[in-house]
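Structure first, commentary second.
The values are calculated or read from the model by the stated rules, or taken from the named source; none is laboratory data. Predicted model, so just to flag it, every value in this text is computed and none were measured. For neighbour counting, all protein chains shown are included, and Cβ atoms are generated from backbone atoms with ideal geometry for every residue, glycine included. Ligands, DNA and RNA are excluded from the accessible area calculation, which covers all protein heavy atoms including side chains. Shrake-Rupley method; radii C 1.70, N 1.55, O 1.52, S 1.80 Å.
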Amino acid sequence: MLQIKNFIGGHHVEPGSGQYLENIEPATGRIYSQVADSDGRDVDAAVAAASDAFPQWSRTPASERSRLLLDIAARIDANLERLAHAESVDNGKPLRLARAVDIPRAASNFRFFATAILHFHSEAYRTDQLALNYTLRSPRGVAGLISPWNLPLYLFTWKVAPALATGNTCVAKPSELTPMTAHLLTELCQQAGLPPGVFNVVHGLGAKAGAAIVAHPRVPTISFTGGTATGAEIARTGAPMFKKLALELGGKNPNIVFADADLDEVLKTSLRSSFENQGEICLCGSRLFVEESVYPAFAERFVSAARQLNVGDPLDAATDQGALISKNHLDKVTGYIRLAREEGGRVLCGGKTPETLPERCRDGYFLAPTVIADLPAECRVNREEIFGPVVTIAPFRNEEEVLGWANSTAYGLSASLWTQNLNRAHRLAEKLDSGTVWVNCWLLRDLRTPFGGMKQSGVGREGGEEALRFFTEPKTVCIKT
Ligand code: NAD
């Protein structure tokens, strides 16, 4: 059975403990590989390798760093099938989705930051005839990069690429539930000739390996994507050490449909925004609000379309929705469906394991797309992140009412707004507490835009210039003239 080792100083090495964790295929419930169960010893070794590599890498010309990152992007493209298959097996997501979205976007991340760094510039200010000020931006050293399991390679590379482009070295930890594509990336980086120690990967549990990265005194920068509770824990450790933190956390995103919207388009996109990747995308719309005049007909069409989604083997080309990430997570999500019933909700479809699963997937972690009605905006199911194929649906009377509901959670990651009324779109976009507002679309991304959440969805922004600034330290030089 494959043992996924750490990647430190350019070599694949055993964890100090000699121990491995089981890596389970969510679609079958079977162990299919093992992953290093790392601890502080491995993090120390990785930080030492990254620190040794930093002086040279930070002085490497931007054009050379760019060339290497473009080479890695090309290798991701060339290995699309292999990476997509690994991601689908590791995560339970449809192979079709990994092939069309996750892996191409991982290559885009490298390509984007490889070229962005060539245009990165700093500012100069003339103070009358007195002085000239300019800003130097330098890489900060060893970056600690910690990513979740839902879009494994995409979110991992969203951190690795800007950190390396700006001349930092890194110690990165993918989720222990989906280590495979990060492991394959280490091979591609070796083949591309990335200097040893620039990119290090330590696998293992968050509370052990992740916490050791966050607490390490020689890691001044932490970029984390994951749950809000974990983000709070990381802030508790990192803030008193004055680390620079970017925290991309959970969401409970509203999807708001006005009667004047193109309802065919809303239906098509809302099915995706509710259930794509089993609803395990932080940007999924999990609260669907529909203007009351079109609510009954729209709700009926939406439920009927959700029922027709094909839940099955992720490797099957006809599958729309695969397996949830783990038994624990499936239990958590079904626990919320139970809670919804207790809170007075009516399950309009789903709520259980589909009966038509193929033999291979009998012990996998599947849940049919679930739509729940009749829940008040303030109940727990409508306030807490479920992170599965579960969406609540409710009618609203007017703008004011729906805005109040939309903004009523502790989260503020993204929102979708469907209307043909341009004034209303601008008005509401400004008033929604969300890092991103999509109008008549969902999940369209321009990598130049700032990305991140408000309130408990996170602090700091990634994307474009924001990421290049995050990974560099500004210094003002003031020269008297
Ligand atoms: P998680 O917080 O459990 O784990 C994320 C990563 O942090 C994993 O690598 C884990 O091993 C590590 N970790 C766990 N405890 C740690 C600790 N104490 N110290 C350091 N590292 C630790 O999250 P998850 O279950 O993997 O991912 C799902 C969550 O991620 C959801 O809440 C989702 O909304 C969020 N998410 C947010 C975004 C975004 O951009 N805002 C994107 C994707 C996912």
Open item on the list: I want the local charge near residue 184. Using Cβ-Cβ distances under 15 Å, sum +1 for each Lys or Arg and -1 for each Asp or Glu among the other residues.
Closed with: -2
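In the neighborhood of residue 208, defined by Cβ-to-Cβ distances under 9 Å, what is the net charge if each Lys or Arg adds +1 and each Asp or Glu adds -1? Display every interim value, and only then the final one.
Numbers: positive: none; negative: 37, 39.
That sum, taken over residues with Cβ under 9 Å, equals -2.
Quick one: accessible area per residue over the chain, 1.4 Å probe, rounded to a whole number of Å²?
On a per-residue basis, the chain sits at 40 Å².
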Task: Taking all pairs of distinct alpha-carbon atoms in the stretch 332-421, Kirkwood radius in angstrom - done: 14.8 Å
- [ ] May I ask which residue of 298, 339, 321 lies farthest towards the positive end of the charge dipole of the stretch 294-345, with charges of +1 (Lys, Arg) and -1 (Asp, Glu) on Cβ and the Cα centre as origin?
- [x] 339
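From the C-alpha coordinates alone, can you work out the Kirkwood hydrodynamic radius of the stretch 359-481, in Å?
About 17.7 Å for the stretch 359-481.
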Task: Eligible aspartates and glutamates near residue 475 by straight Cα distance, threshold 18 Å, same-chain separation 8 or greater - done: 123, 465, 466
Open item on the list: What percent of all Cα-Cα pairs in the stretch 253-448 falls into each 10 Å bin, going from 0 up to the bin containing the maximum distance?
Closed with: 9, 38, 36, 14, 2, 0
Open item on the list: Given the DSSP H assignment, sum -39500 (n - 2.57) over each helix run of at least 4 residues in the chain and divide by its residue total; what's the result at 222 nm in deg cm²/dmol, nearest 500?
Closed with: -11500 deg cm²/dmol
- [ ] Write down the Kirkwood hydrodynamic radius of the stretch 173-315, to one decimal in angstroms, obtained as one divided by the mean of 1/r over all alpha carbon pairs.
- [x] 18.8 Å
TODO: Please report, in Å, the Rg and the Dmax of the stretch 13-111, where both are computed over Cα atoms only.
DONE: 17.3, 48
Open item on the list: On a straight-distance basis, which aspartates and glutamates could pair with residue 243 in a cross-link, Cα separation under 15 angstrom, same-chain partners fewer than 8 positions away excluded?
Closed with: 233, 473
TODO: Give, in nm to one decimal, the length gained when the segment between residue 328 and residue 3 is fully stretched (0.36 nm per residue of separation minus the Cα-Cα distance).
DONE: 114.7 nm
TODO: Pairs of Cα atoms under 8 Å, at least six residues apart: use those to get the relative contact order of the stretch 253-448, whole percent.
DONE: 28 percent
Open item on the list: Suppose we keep just the alpha-carbon trace of the stretch 144-253; what are its Rg and Dmax in angstrom?
Closed with: 13.3, 42
Open item on the list: Let's see if you can work this out: charge +1 on each Lys and Arg Cβ, -1 on each Asp and Glu Cβ, no other charges. What is the dipole magnitude of the chain about its Cα centre, in debye to the nearest 20?
Closed with: 1100 debye
- [ ] State which entries of 431/455; 93/268; 268/431; 93/352 exceed 24 angstrom in Cα-Cα distance in the structure shown.
- [x] 268/431
Open item on the list: To test your reading of the geometry: what angle, between 0 and 90 degrees and rounded to tens, separates the Cα axis of helix 295-307 from the longest principal axis of the chain?
Closed with: 70 degrees
Open item on the list: I want to verify the translational diffusion coefficient of the chain in µm²/s; compute it with Stokes-Einstein, Rh as the Kirkwood radius over Cα pairs, at 20 °C and 1.002 mPa s.
Closed with: 92 µm²/s
